[in-house]
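Chemist: Take this structure, written in structure tokens, and hold onto it; I'll ask about it next.
The values are calculated or read from the model by the stated rules, or taken from the named source; none is laboratory data. Please read these numbers as outputs of a predicted model, since none were measured by experiment. Using ideal geometry, Cβ is built from the backbone for each residue, glycine included, and neighbour counts are taken over all protein chains shown.
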């Protein structure tokens, strides 16, 4: 296939195509990459056909320069990073490179300093205009300009890279043959408005020999070529088939057909020649000449010269055409610049004229204002006396109100503050004289009590008790003296007075500041107040004297104007210096009003505020002293009462021993009844009524035993209080009572409770790791958890259970924790049993399996669970076993956190925490970090996510946390969960309880059922808990509830 450019050359007569060549068209069509035609006078034409670039290859480009109505320069958008790197490298090395000297190489790439932004870009020299000036083209953008040689530098080999910008031409279009200068500019502006500095998509069609790429361009759904053609700025190329070479044959229409006919093409088909027509090249040159010579077109000589140039430039190669066009564009730019300067000068002239007009207007306004001011001054002079007297009358009326108490002036001098200073300094309560002596005796007494606790044998105990009793007697006498002295102090009245004073001063003076030198503040305030009062009295006296003088002047005026008076007065004596007198009266009035009504300056405010702050400090110190005295008074009264009881009756454990004896008798009766029941069951035939009677007796005996055990726990509690406060020797004198063990367990340990006293039902389905027995105590379902004991395990279980029980005891029903009822040890086996309430079917795992919670119920339940974690974390306890089988939804609205395995550490529990596929262990645990409250909150967040989605399998993020962004749930709950499960800086339990998700929840943290007894007991409160233990190797990895992982 013949190249389109060869055909165009033939059409201009510059290359002849012989019949031999045309006959071998098919052979030439198959010739790869290059086609050669040789004929005539030995002419040879060669056109590159780049087969590596397929037809209709598409790319996204950014248009950087518009050359004419159908030609533009653009950069592939994939080369943005390359452009940035080249620009950065040029800015770094160009200032240090050598300038161009001698004859430059037109094929070499240089660095040019662009005149508009003074930045360096790569360029090629198109023409050497003079020794100083060169015409360059910026190869990465397509634009050209004339540069001074001093602004052109050499570039290293690393920057001798192919140009980034390419020259593109619209497919199937050419400029009209008769284009005028204005039409040429309009075509260029129209194409610029369509694509300049925009990203477009181009589809390759043909590449010219000068590397111009013929493309079909689109911006969005707009075909650029079609739009240019519609506007008439370009015309479609003539079909090759219409050309006749050598007058004997026409070329086939398929010469310029694209290879892939399935790809889109312009509306004027692909059969049009895609070579720059000769007429268009000539026309562009003609337009460029018209720009230079349009002012001389009327001259015949110029017309002849233009015709000669036209004929000459027909033979100029395309490279020279571009160079000339750039030169003409530069001249146009200079003309536009001059035109812009002219327009700017005209605008400046108009602006100056506007300023002059505005100045005239302003001058006229000021002149009118001055004339009006003069008129006002003349009018005011006429009424100056009336104005002065009216002003004085107004101020005198205001001063009269101030002096008669209608305005508050006392605060200006701190009269209320002076009274407060007197109250806190002169009326303060005196410290009881016996208070210091009481403190010393209390310290000595506490030391003697501690010495008794540290005794190891009975001999040391007796000696220490004797010393303690002597100190006790001394303390008793001091206590009586202190009580008598404290009862005479008006604690209540003084406290009420100080509180009222504090409220009054806070309302008047506001916030308290930190006072440094508190000793001299009251003296400084007193001196300031006296000085201010002296100044005020002096100003008031001056005011009264000046007003009296003015009144005397009015009397003289009255006598002077009285025509009936026979006394003749000289006019100078009558009038006197009235102007000076009025000025003096006004000055004194202003001073007194300023002192009475105007706020103090910064120094005065500082003195007042320091005095106020020191008064508040004294008030707080005295209130603290009163509280200390009251507390010591109450402690002294209790000590006196206890000592009186000890003197009348020595403390003993007889009542405790009596209760234990009763329990033993009831145990024996219960065992006998159990034997009778067993024997009866072994009989072949027995009476149902007898069996029923025996069972009722057994139930009654068990209830009586538990009632006695509750009384026993109460007695232990009383004895523990005596040991802690007054009688530390009791455990040493009666070691058989086990008081210290009870105290060490925090009130959980029961000495009389035994496993065989309970009618237990093994719960193997809940746990296979440890003994787990269900029973009923006084109508309440309970669960017995057995812990195997070792050498160190017994003490560990007792200490950890006591810590948990102490955390629960502070808030009890409001703690959000499952209560512990009893802790006892098995006598026959090395086991420790923990009795807890049993809630069958109310763990979250069971509830979600049978009837899942609604979102409102989830909010209520999880608020209670958050309260439970808050209680534990406040006591520095880490749960580590938060999972669905260890959290409970009591009545589907009250959340409870279950207990945990007291034989394991928090790290051991947390590291294996999971529920089925739901991993509840925080990611940081896998990296070896210790368990913490933060890991508990992660497990809490996973539980909340599990409840809301009813799914235990989630897509995991790279940091090991569940990915929840794509989940469909309430936005507040999603935000809460994301702050709970993120890595680092998780929410605390305190913040979770106060979160917006729970603000509208009416859930009470926990309300646990209690054992029905007549009196409250330390161990009798409890809820019902369901323990569901799951082996680690089976489903849910058998996590033991309340322990549990």
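Chemist: Are any residues in the stretch 889-903 part of a strand (DSSP E or B) and either modelled with pLDDT under 90 or farther than 14 Å from residue 866 by Cβ (or both), and if so, which ones? Give the steps one after another, and end with the answer.
Modeler: The first filter runs over the stretch 889-903 and keeps only residues part of a strand (DSSP E or B), leaving 889-890, 894-897.
Across the stretch 889-903, the qualifying residue is only 890.
Chemist: Out of curiosity, is residue 601 under 30 Å from residue 549 (Cβ atoms) and surrounded by fewer than 18 Cβ atoms within 10 Å (Cβ to Cβ)? Please lay out each step first, then the result.
Modeler: On the way: under 30 Å from residue 549 (Cβ atoms): no; surrounded by fewer than 18 Cβ atoms within 10 Å (Cβ to Cβ): yes.
Here the answer is no, as residue 601 does not meet what is asked.
Chemist: Let me ask something else about it. What is the number of the single condition among (1) touching a helix residue (DSSP H, G or I) at 6+ places or on another chain (Cβ under 8 Å); (2) free of Cβ contacts under 8 Å to residues at least 60 places away in the same chain that residue 463 does not meet?
Modeler: (1)
Chemist: Only residues that are over 17 Å from residue 61 (Cβ atoms) and touching a helix residue (DSSP H, G or I) at 6+ places or on another chain (Cβ under 8 Å): list them for the stretch 213-227, please.
Modeler: Taking the stretch 213-227 and keeping what is over 17 Å from residue 61 (Cβ atoms), we get 221, 226-227.
Once the filter is applied, which keeps residues that are over 17 Å from residue 61 (Cβ atoms) and touching a helix residue (DSSP H, G or I) at 6+ places or on another chain (Cβ under 8 Å), the stretch 213-227 yields only 227.
Chemist: Any idea how many residues of the stretch 929-964 are in a loop (DSSP other than H, G, I, E, B) and under 26 Å from residue 849 (Cα atoms)? Full working, then the answer.
Modeler: Applying the first criterion (in a loop (DSSP other than H, G, I, E, B)) to the stretch 929-964 yields 929-932, 950-955, 957-961, 963-964.
This time we only want the ones that are under 26 Å from residue 849 (Cα atoms), so: 950-955, 961, 963-964.
So the count comes out to 9.
Chemist: Let me ask you something else. For the stretch 472-498, name all the residues that are in a helix (DSSP H, G or I) and without any contact (Cβ under 8 Å) to a residue 60 or more places away in the chain.
Modeler: 473, 474, 477, 478, 481, 484, 485, 492, 493, 496
Chemist: On the given criteria, is residue 124 closer than 15 Å to residue 74 by Cα and either in contact with a helix residue (DSSP H, G or I) (Cβ under 9 Å, 6 or more places away or on another chain) or at pLDDT 90 or above (or both)?
Modeler: It is false that residue 124 is closer than 15 Å to residue 74 by Cα and either in contact with a helix residue (DSSP H, G or I) (Cβ under 9 Å, 6 or more places away or on another chain) or at pLDDT 90 or above (or both).
Yes or no, residue by residue, for (1) loosely packed, with under 15 Cβ neighbours inside 10 Å; (2) in contact with a helix residue (DSSP H, G or I) (Cβ under 9 Å, 6 or more places away or on another chain); (3) closer than 30 Å to residue 450 by Cβ:
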position: 643; (1), (2), (3): no, yes, yes
position: 654; (1), (2), (3): yes, no, yes
position: 681; (1), (2), (3): yes, yes, no
position: 705; (1), (2), (3): no, yes, no
position: 708; (1), (2), (3): no, yes, no
position: 720; (1), (2), (3): no, yes, yes
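Chemist: Check 794, 729, 803 and return the single one that is on the phi < 0 side of the Ramachandran plot and over 49 Å from the mean Cα position of the chain (by Cα).
Modeler: Working: 794 fails: over 49 Å from the mean Cα position of the chain (by Cα); 803 fails: over 49 Å from the mean Cα position of the chain (by Cα).
The match here is 729.
Chemist: From the residues in the stretch 618-641 that are surrounded by 15 or more Cβ atoms within 10 Å (Cβ to Cβ) and more than 25 Å from residue 474 (Cα to Cα), which one is farthest from the chain's Cα centre (by Cα)?
Modeler: Checking each candidate, the answer is 622.
Chemist: Another one. Being out of contact with any strand residue (DSSP E or B) (no Cβ under 7 Å at 6 or more places or on another chain), modelled with pLDDT under 85 and in a helix (DSSP H, G or I) is the requirement here; does residue 724 meet it? Spell out the reasoning first.
Modeler: Numbers: out of contact with any strand residue (DSSP E or B) (no Cβ under 7 Å at 6 or more places or on another chain): yes; modelled with pLDDT under 85: yes; in a helix (DSSP H, G or I): yes.
Here the answer is yes, as residue 724 does meet what is asked.
Chemist: Could you please give the count of residues in the stretch 91-108 that are in a loop (DSSP other than H, G, I, E, B) and either out of contact with any strand residue (DSSP E or B) (no Cβ under 8 Å at 6 or more places or on another chain) or closer than 17 Å to residue 127 by Cα (or both)?
Modeler: Of the residues in the stretch 91-108, the ones in a loop (DSSP other than H, G, I, E, B) are 97-98, 100-108.
Going one step further and asking which of them are either out of contact with any strand residue (DSSP E or B) (no Cβ under 8 Å at 6 or more places or on another chain) or closer than 17 Å to residue 127 by Cα (or both), we end up with 100-108.
So the answer is 9.
Chemist: Take the residues in the stretch 904-923 that are part of a helix (DSSP H, G or I) and touching a residue at least 60 places away in the same chain (Cβ under 8 Å); name whichever of them is farthest from residue 956 (Cα to Cα).
Modeler: At the first step, the residues of the stretch 904-923 found to be part of a helix (DSSP H, G or I) are 906-911, 923.
After this cut, where a residue has to be touching a residue at least 60 places away in the same chain (Cβ under 8 Å) as well, the list is 909-911, 923.
Numbers: 909: 23, 910: 19, 911: 18, 923: 11 Å.
Out of the qualifying residues, it is 909.
Here is a yes/no grid of residues against (1) closer than 25 Å to residue 494 by Cβ; (2) surrounded by 15 or more Cβ atoms within 10 Å (Cβ to Cβ); (3) modelled with pLDDT of 85 or more; (4) in contact with a strand residue (DSSP E or B) (Cβ under 7 Å, 6 or more places away or on another chain):
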| residue | (1), (2), (3), (4) |
| --- | --- |
| 406 | no, no, no, no |
| 415 | yes, no, no, no |
| 441 | no, yes, yes, no |
| 447 | no, no, yes, no |
| 452 | no, yes, yes, no |
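Chemist: Hey, another quick one. Given the criteria closer than 22 Å to residue 327 by Cα, modelled with pLDDT under 95 and buried (at least 16 other Cβ atoms within 10 Å of the Cβ), does residue 103 qualify?
Modeler: On the way: closer than 22 Å to residue 327 by Cα: yes; modelled with pLDDT under 95: yes; buried (at least 16 other Cβ atoms within 10 Å of the Cβ): no.
For residue 103, the condition - closer than 22 Å to residue 327 by Cα, modelled with pLDDT under 95 and buried (at least 16 other Cβ atoms within 10 Å of the Cβ) - is not met.
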